[in-house]
Amino acid sequence: MQQFIEFVQSEMILSLVWVALVVTLIVSVVKQKTAAYTIVAPNVATTLVNRQNGVFVDIRSRDEYRAGHIAGALHVLVKDIKENSMSELEKHKSDPIIVVCKAGQVAVKNANMLIKLGFKNISILKDGLISWNEANLPLVKQKRKK
């Protein structure tokens, strides 16, 4: 124990970094466990859509959506969620909704906004379309209108 105290005293910055990392890890785990949404892998997401009438909601930009999106996904822009102007999505308020973004990080904020707007069953596609592509699942490309 004496060596530990000496180490902490002599390596104060390193010790503080370790404490900060542990606290950050604990906060992250607690936040994820108490979140109102769930994070799902692509196979679970497809099960939600196929068996429980779930809906993929793609929140990427129009150009990214046109370049390739999940078949049947609704395209809802982030600004539409903020302004609560999602008439097409309102029909699915009680259905499972899987929020999809490029890498899974933007989806968290938008999932929380959807929950505040009264949507009940919100999930996030883990790692976004990156995990979808890694699972070799198909994307639909939309042709540009002239």
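Read-outs: derived from the displayed coordinates by stated rules, not from any lab. Since this is a predicted model, take the numbers as computed values, not measurements. No Cβ is skipped: glycine too gets one built from the backbone with ideal geometry, and neighbour counts run over all protein chains shown.
Estimated at 0.36 nm per residue, the fully extended path between residue 47 and residue 134 surpasses their Cα-Cα distance by 29.6 nm. Taking amide H as placed 1.01 Å from N in the peptide plane, the amide H of residue 39 sits under 5 Å from that of 124, each at least 5 places away or on another chain. The stretch between residue 80 and residue 62, if pulled fully straight at 0.36 nm per residue, gains 5.2 nm over its current Cα-Cα span. Farthest toward the positive end of the dipole of region 37-140, out of 65, 100, 119, is the Cα of 119, where the dipole comes from beta carbon charges about the Cα centre.
Under a 10 Å cutoff between Cα atoms, tell me which one of 15, 123, 85 has the largest fluctuation in the Gaussian network model of the chain. Among 15, 123, 85, the largest GNM mean-square fluctuation belongs to 15.
Considering only DSSP beta bridges where both residues belong to the chain, give the percentage that are antiparallel (nearest 5). Around 10 percent antiparallel, to the nearest 5. Counting only the Cα atoms, the chain fills a convex hull of 165 Å³ per residue. Where only DSSP H runs of four or more residues are counted, the chain gives -15500 deg cm²/dmol as its mean residue ellipticity at 222 nm, each run worth -39500 (n - 2.57). Taking amide H positions as modeled 1.01 Å from N, with prolines and chain starts lacking one, the residues under 5 Å from residue 70 and 5 or more places away or on another chain are 140. Rounded to 0.05, the FRET efficiency of the residue 88 and residue 31 pair, given R0 = 30 Å and the Cβ-Cβ distance, is 0.50.
Put a plus charge on the Cβ of each Lys and Arg, a minus charge on the Cβ of each Asp and Glu, and nothing anywhere else: the dipole of region 1-129 about its Cα centre is then about 420 debye. A simple charge model with +1 on the Cβ of Lys and Arg, -1 on the Cβ of Asp and Glu and nothing else charged puts the dipole of region 99-146 at about 460 debye relative to its Cα centre. Evaluating 6.51 cos²θ - 1.76 cosθ + 1.60 at θ = phi - 60° for every residue in region 6-20, the Karplus couplings come out as 5, 4, 4, 5, 7, 10, 4, 5, 4, 5, 5, 5, 4, 4, 4 Hz, glycine and proline recorded as x.
In the elastic network of the chain, a GNM with C-alpha springs shorter than 10 Å, the most mobile of 25, 89, 14 is 14. Computed 3J(HN,Hα) for region 124-141, one whole-Hz value per residue from the Karplus formula 6.51 cos²θ - 1.76 cosθ + 1.60 where θ = phi - 60°, is 10, 6, 4, 6, x, 5, 4, 5, 4, 5, 5, 7, 6, 8, x, 10, 9, 9, glycine and proline marked x.
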